[in-house]
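One structure below.
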Amino acid sequence: MALWIRNAGTYTLQGASGNIGLVGASKTKSFYTTDKVFCYSSNSNVLTGPHTWSSANATTFPLLSHTQSSQYDPSTDTYLRNNNGQISEYDTNNTLIRSMSITNIPQYNSHDGVITSLTGEKFIYYLVKATGELYQLNRNLIGTPVFVTTISPVYYQSQHALGGFYHQDFLYMINRTGTELQEISIQTGQPTRVAATTVSGLKCSYPMVSFAASQVIGTTHFFTLSDLNGTDFIHYEITLKNRNPQTPNIVTPDGTSTSPGIHDVQTAIRWSFFDLDERDLQSAYQLEITEVATDTIIYDSGKVKGLSNFFYTYTISLKIHELYKWRVRAWDYYDAESQWSRYAYFKTNQRPTVFPLTGVSHVTFHQPILGLTPRLHFRFTDPDNDPIREIYIKINRLSDFKEVLNRRFTPDPQDQYFDVPANILERGTTYYWTLNGFDAYGAAFYTNWTFFITTASAAPPMPLSPVHQERTTLQPSLVAELAIEQSGLSQHFQLDLSELPNFSVVRTYRTDESQAGWEAHNGKEWVPFPAKGVKKRTQYVQNASFEQSDTIGKLYNDWGTDGITVDDIFDLNAPPHTGSRAVRLIQQRPVLSQLKLSQGLSGIRPGERLRVNATVNVVRIAPGAEVSVQLSGTNFTHKGIVITERSSAYKSYSFEIVVPSNYWSSMQIDFAIKGAGYTECWLDALTVEAADVPSYQFVRFQPPEPLAPKVWYWRIASYNNLTKGEPLRYSTDRQLSNLLPLNYTDGGSGKSDYSVWDLELEGDASETSLMVEYPQHPEDKRAIHAVNQKPNANLSLIREYDSDFESGKYYLFLADMKSTYADCYIEFGEYKSATLQKPDLWETLWFKMPGKTAVLDYLKFHISPKEIGQHTYIANPRVYEISEMEYAKIGVDPLWSGFNLNTKYPFVDGTAYPSQSSSFRSGDVVSVALKKPIQTTAPANTFTMNAVCTIPSSRVSEHVPGISGNLRYAGTPVYKDGVITFMNDPNAYVKLQFTGTGIRWHGIKNADSCIASVLIDDRIAGQVDLYADSSRQEMLYECLNLPYGLHTITVKASQFSNPASTGTKMLTVSSFETIVDQKPGKFIVEACNNGFDEQPAWEDVTAIVTNGGKHVFANQNKTAAQWGVSTRLTILANGTFSPAMLDGFGFSFE
């Protein structure tokens, strides 16, 4: 294409000094002027002007001498200036960006030409006017100039600071006389084309080439020539030559005649377009596909206009297992044509498919629980009936995406599965697996991620009786409550007995080896333990009767909806049949639609028989509509209930189904309305249960042989077929993991921002001041301290949780709080604790909560300031996952309520493993008898006896005075009248270690006392305000529901006191009272007058021993030769803790 130039117009500047340059079809730039008048080019390339600097498009550039060369670079919107020894780059604000020295170039001068690229190349050129030497410089002005060629001075303007531009392999510069624009080859230094400028003499100088991003090679570019005085200039346009595009590159399918690519008959043919002219695009292509065997072109697209560089073969008919070759050529924007590409070969095949059968396709679905060596089933199908050539399996751990297995294997064509080897998987971990490979003809296949969970160590049963350290018979019944087995498998149990607390030597009893001595409770009675094991949960639907919901009526625990729009109604406002809630579902759109309520199910095993039960009231139903209940899964659907008529009341519906024996994927229960028009139904309950399988709640074991009378320790664990032989989780193993980490470093007594506790303030920060203080808590723990600045500020500290609380699990929230006003509490959604009961006293607030599914909510600590200056403290925040058994007992059983929650769930920052032992004392009978009866000549008539013994009563208490060697204390005490007193000593404490089930603290209240803290077993149990307007002795604290065992009570002084308290902030201890509450023991005394008989006639004489008097024998018969008097004494401990002793006895008879 020839170079040509067209005059775009001549303009006269008014009052300008210096030279004007016009750049950019879409940009406006002004050069070398001190005047406020300039001209610019609009987007339509029409030159207009003059305009003042106040124009929105104005851009200044300072005046330069015409002896100093400068050139605009359109690709960077910067200017390259010859600074006589340096090439410098400036932005449009005349700020220096970088420089490069050119002092190593001979005879350099400030008017030497700087030559830039139109298209953002990596180089610029420097022309030495004196010698004609051309140097190449790095565009980033780094490195050193590189000599290229020499150009004769007759081809360029050498008198003035005149630059130029280059494109591809050519320079464009004004000639010596200014009459022509020269195109000069960079390689040879010789001109290749010229174009007249229509300017005579030396009036023309300083050409500036305009450029915009919207311009491409082949379109018009603009530059300006002006006279030396800047009074006249001419605007020109230039068209540059175009180059043919390169040969297209093959992308896919690719291959050779001997090694072709293998592709589906419906595949995509792709190539890439490349042109040396930047921003030049494909405008058309031609594609040919040839059948190699016949050398026949089966498809010729002809010249197809467009930018597309791919073609789908589904528009033509390709044969299976046939070899083809293809090629393509392309045209650029200016219709320049490329060469044909090389031939690329491919062979056709239909892609096989592999469908995983074990696992689920999404991590949020209910994943099957498998063992550590599971069998992963899949189904392989090939439309061409080609066999598998090779197949690979990969297994990755989801938590960190680590690949744990990558193996090639050969599956059985009929029974397709892979057995995961041992020592690959970890327990309680989520994995995903994929398959990829080729069929016999090389067609590739692959699967997406498929998820499963390996079974965790089965949750251990909870020991119920005997309670810790209780007396038992020599063959006690050891009872434990079952935990739910999440895998859905039947449970077996192992019970260990040991004389040592570390279980280093044990007697082991397993239900899968022998059921002797084992029983299970099915909810009605104790039955022999089944040889196949037991299940606790046989109902798989969570929240089956819709009792759990939030405050706006949204269901928890995996109930989800589908198809419900703003025109429909879904709520919990239906009248319930049982319980307190029922679902109301109304479809009222006139078009065919389906509304669905669904829940994913877990723990269901292949081959299991299921019974589905629904309690439904179809209030109204549209013609042709149906209400249905179905079980569904991957390639599996069974609609067992279909209702097409209305009902006047709730009705019960059910169906049964056997899960396919090879089904290992996800399953869900669906309740749906399908139809058009108005349909309303109420759903009271929807359950899926294991049919004909009893649900067991408890197991018990009685040793087959009597145990030695001593202290025994016991523990119990459960396992199933997947975990058999693996390490067990025993009832003595306990783990506490705080889900609310504090994330702070103990920095001593300094203060730090509360945000290090991962909490945020909800409310106006100007209304309160917050800090973290140490110590502020009776356990010497850090505490958040909030002081409100305004009344009724309604502030909270919050922690966001998103899907942290899993459905089917249970959680306990606890925190220690105190405030000037007893109006603070903690909450999560609709679950909340009680409020503080008393002002200025530390209390442990708590609530329990079932897990939720995919819920975003906030844990809130309500500061709730009412008055200016209200102080609120928060310490020991903790959230623990608990078992279903613990959830049922917390707040119900006294041993799982109140202070005992603090001992069972102490604060842990991270994870801890508190000890949890179970022991009993075998032998609960003390019995003595005469070795030989006392012979009499006739039957004894009367009997008198006394005995000295200790029999455990229902309550045993012991008084410990305040001045006692059993007490430990810190501080400086004052002793008076048997009372120990501390004054003005916030670090003082009194401590007593005791054995029992309860404790009482007696002391003095008066007007000078402090607020004291009570700790039991080093956990805060409460605080006591010791202030009273007059001095008085009273019981200050009691705790009567401790588990029997060794405990410690600590009474601590503090720097806090009642606002009315004055003086010395006293702490007093008059005494402690230790208490043992237990079942009372029993004392039995018997006597006989026919003691030589094989079966003497024993008569109960306990009353005369305890109350005095004589016993008259009723017996007057014997079978032995002699009469004889005998007696026996028995103390039944009856499960008590206290000592049972017989010191001596005596008797007489007549």
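Remarks
- Pairs, first in contact (Cβ under 8 Å) with a residue 40 or more places away in the chain and under 18 Å from Ile657 (Cα atoms) in segment 591-606, second among the basic types (Lys, Arg) and assigned to a loop (DSSP other than H, G, I, E, B), C-beta under 8 Å, six or more apart: Gly603/Arg537
Yes/no matrix, rows are residues, columns are (1) modelled with pLDDT under 80; (2) surrounded by 15 or more Cβ atoms within 10 Å (Cβ to Cβ); (3) not assigned by TED's automatic domain parsing to the domain that holds Lys860:
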position	(1), (2), (3)
Gly725	yes, no, yes
Ser731	no, yes, yes
Asn743	yes, no, no
Ser752	yes, yes, no
Leu761	yes, yes, no
Ser766	yes, no, no
Asp780	yes, no, no
Ala783	no, yes, no
Leu797	no, yes, no
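- Filtering segment 267-280 to residues that are within 12 Å of Pro245 (Cα to Cα) and either touching a helix residue (DSSP H, G or I) at 6+ places or on another chain (Cβ under 8 Å) or modelled with pLDDT of 85 or more (or both) leaves Ser272, Phe273, Phe274, Asp275.
- Exclusive hit being of a type in the set (Asp, Glu) and either touching a Phe, Trp or Tyr at 6+ places or on another chain (Cβ under 6 Å) or closer than 30 Å to Ile393 by Cα (or both), set Glu519, Glu499, Glu525: Glu519
- The lone criterion from (1) surrounded by 15 or more Cβ atoms within 10 Å (Cβ to Cβ); (2) assigned to a loop (DSSP other than H, G, I, E, B); (3) at pLDDT 85 or above left unmet by Ile604 is number (3).
- Complete set of residues in segment 520-552 that are part of a strand (DSSP E or B) and either farther than 16 Å from Gln494 by Cβ or without any contact (Cβ under 8 Å) to a residue 40 or more places away in the chain (or both): His521, Trp526, Val527, Pro528, Gln539, Ser549
- Considered as a group, the residues in segment 462-520 that are closer than 30 Å to Ser807 by Cα and among the acidic types (Asp, Glu) include one that is modelled with the lowest pLDDT, and that residue is Glu485.
- Candidate set from segment 353-368 (those that are under 22 Å from Asn720 (Cβ atoms) and at pLDDT below 80); member that is farthest from the chain's Cα centre (by Cα): Pro368
- Residue within segment 283-300 that is surrounded by 14 or more Cβ atoms within 10 Å (Cβ to Cβ), closer than 26 Å to His167 by Cβ and at pLDDT 90 or above present: yes
- Which listed residue, of Ala422, Ala480, Ala443, is crowded, with 17+ Cβ neighbours inside 10 Å and in the same structural domain as Ile393 (by TED's automatic domain parsing): Ala443
- Criterion violated by Tyr324 - all others in (1) hydroxyl-bearing (Ser, Thr, Tyr); (2) modelled with pLDDT of 90 or more; (3) outside the structural domain of Asp254 (by TED's automatic domain parsing) satisfied: (3)
- Residue among Thr1136, Thr1130, Thr1102 that alone is out of contact with any Cys (no Cβ under 7 Å at 6 or more places or on another chain), free of Cβ contacts under 8 Å to residues at least 24 places away in the same chain and at negative phi: Thr1102
- Out of Asp275, Asp295, Asp280, sole residue that is in contact with a strand residue (DSSP E or B) (Cβ under 6 Å, 6 or more places away or on another chain), over 21 Å from Arg351 (Cα atoms) and without any contact (Cβ under 8 Å) to a residue 60 or more places away in the chain: Asp275
- Among the candidates Asp400, Asp384, residue that is over 29 Å from Gln491 (Cα atoms), touching a residue at least 24 places away in the same chain (Cβ under 8 Å), outside any strand (DSSP E or B) and out of contact with any Ser or Thr (no Cβ under 7 Å at 6 or more places or on another chain): Asp384
- Considering segment 670-743, the qualifying strands (runs of 3 or more DSSP E), each wholly inside and each with 2 or more residues that are touching a residue at least 24 places away in the same chain (Cβ under 8 Å) and either of a type in the set (S, T, N, Q) or touching a helix residue (DSSP H, G or I) at 6+ places or on another chain (Cβ under 6 Å) (or both), run over 679-690.
- Some residue of segment 583-601 being buried (at least 19 other Cβ atoms within 10 Å of the Cβ), out of contact with any Pro (no Cβ under 6 Å at 6 or more places or on another chain), hydrophobic (A, V, I, L, M, F, W, C) and within 30 Å of Gln491 (Cβ to Cβ): yes
Residues are listed down the side, and each one gets a yes or a no for (1) under 19 Å from Glu881 (Cα atoms); (2) outside any strand (DSSP E or B); (3) modelled with pLDDT of 80 or more:
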position: Lys790; (1), (2), (3): no, yes, no
position: Gly808; (1), (2), (3): yes, yes, no
position: Phe813; (1), (2), (3): yes, no, yes
position: Lys818; (1), (2), (3): no, no, yes
position: Asp823; (1), (2), (3): no, yes, yes
position: Lys838; (1), (2), (3): no, yes, yes
position: Thr844; (1), (2), (3): yes, no, yes
position: Tyr858; (1), (2), (3): yes, no, yes
position: Ile868; (1), (2), (3): no, yes, no
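- When residues of segment 885-917 are limited to those that are modelled with pLDDT under 85 and either at positive phi or charged (D, E, K, R) (or both), the one surrounded by the fewest Cβ atoms within 10 Å (Cβ to Cβ): Gly910
- Condition met for Ile424 (under 25 Å from Lys347 (Cα atoms), hydrophobic (A, V, I, L, M, F, W, C) and modelled with pLDDT under 95): no
- Number of positions in segment 403-428 that are in a loop (DSSP other than H, G, I, E, B) and either among the charged types (D, E, K, R) or farther than 30 Å from Ile320 by Cα (or both): 11
- Ser628 being of a type outside the set (Val, Ile, Thr), part of a strand (DSSP E or B) and not assigned by TED's automatic domain parsing to the domain that holds Gly371: yes
- Subset tally (residues that are within 16 Å of Ile316 (Cα to Cα) and in a loop (DSSP other than H, G, I, E, B)) for segment 266-291: 2
- Verdict on Ile874 being assigned to a strand (DSSP E or B) and either hydrophobic (A, V, I, L, M, F, W, C) or more than 28 Å from the chain's Cα centre (by Cα) (or both): yes
- In segment 1015-1036, the residues that are without any contact (Cβ under 8 Å) to a residue 60 or more places away in the chain and surrounded by 22 or more Cβ atoms within 10 Å (Cβ to Cβ): Leu1026
- Single condition Lys535 does not satisfy, out of (1) modelled with pLDDT under 90; (2) exposed (fewer than 14 other Cβ atoms within 10 Å of the Cβ): (2)
- Segment 607-621, residues that are of a type in the set (Gly, Ala, Ser) and either part of a strand (DSSP E or B) or crowded, with 18+ Cβ neighbours inside 10 Å (or both): Ala614
The values are calculated or read from the model by the stated rules, or taken from the named source; none is laboratory data. Since the model is a prediction, treat every value here as computed from it, not as a measurement. As a convention, Cβ positions derive from the backbone with ideal geometry for all residues, glycine included, and neighbour counts pool all protein chains shown.
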